[in-house]
Amino acid sequence: MASGHRHGEQTLNVTLTRTFPVSRQRLWKVLTTPDRIAQWFLPVRGALTLGGRYQLEGNAGGDIVSCEPSARLGLTWEFGDDVSWVELVLDDYLPGSRLTLTHASRPSSHWSEYGPGALGVGWELALLGLSRHLAGEERLDEDAFSASP
């Protein structure tokens with residue numbers, strides 16, 4: 001966890017980094033193609049292009065604010081009345097690639113209660129789903145997370 005600034009306001013940032021045994025180009029497709037996103041995360045609809053707007057089924061939506069194919073994706077993360085920011089950065093990392101995900105949020109009562117887990121727990125589960133998908137494993141049922149140690 002680190003603090004930062006966005007649009008002149010303080011943010012609290014959670015960063016997660018994972019490596020994957022696939023190329024950046026393959027990882028990019030899995031991260032940005034609607035039918036692939038639905039296989040490891042949630043169904044998504046909208047205009048998945050720079051300046052477009054997306055909506056995850058039953059979850060957040062927002063705007064795509066930056067896009068450098070196979071390298072970087074930035075978006076707003078709008079859930080309820082809260083707006084935060086997510087940035088994905090892809091690097092080569094032999095023998096595959098590395099994904100660094102940073103979620104920056106304004107301080108809130110949710111953050112005060114849960115700390116970095118307010119953002120990190122959901123992303124940990126998403127990255128587990130991504131890892132399983134890339135390894136050709138079945139998607140875990142959502143109940144498996146709450147029922148497991």
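Only the coordinates and a few stated rules stand behind these numbers; no lab work does. Predicted model only: the values in this text are computed from it and were never measured. Heads up, the Cβs are rebuilt from the backbone with ideal geometry, glycines too, and the neighbour counts pull from every protein chain shown.
Numbers below:
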quantity	calculated
Local electrostatic count at Trp28 - Lys and Arg +1, Asp and Glu -1, tallied over other residues with Cβ under 13 Å	+3
Nonlocal amide H pairs with Gly52, under 5 Å, H built at 1.01 Å	Ile64
Spin-label pair Arg106/His5, simplified geometry with 7 Å Cα→Cβ offset, distance in nm	1.7
Overall form of the range 2-136 per C-alpha gyration tensor (a/c, 1.5; a/b vs b/c)	prolate
Separation in nanometres of the label points that stand 7 Å from Cα toward Cβ, at Leu125 and Cys67	2.8
Order by protection proxy (mean Cβ within 10 Å, highest first), peptides 27-34, 98-105	98-105, 27-34
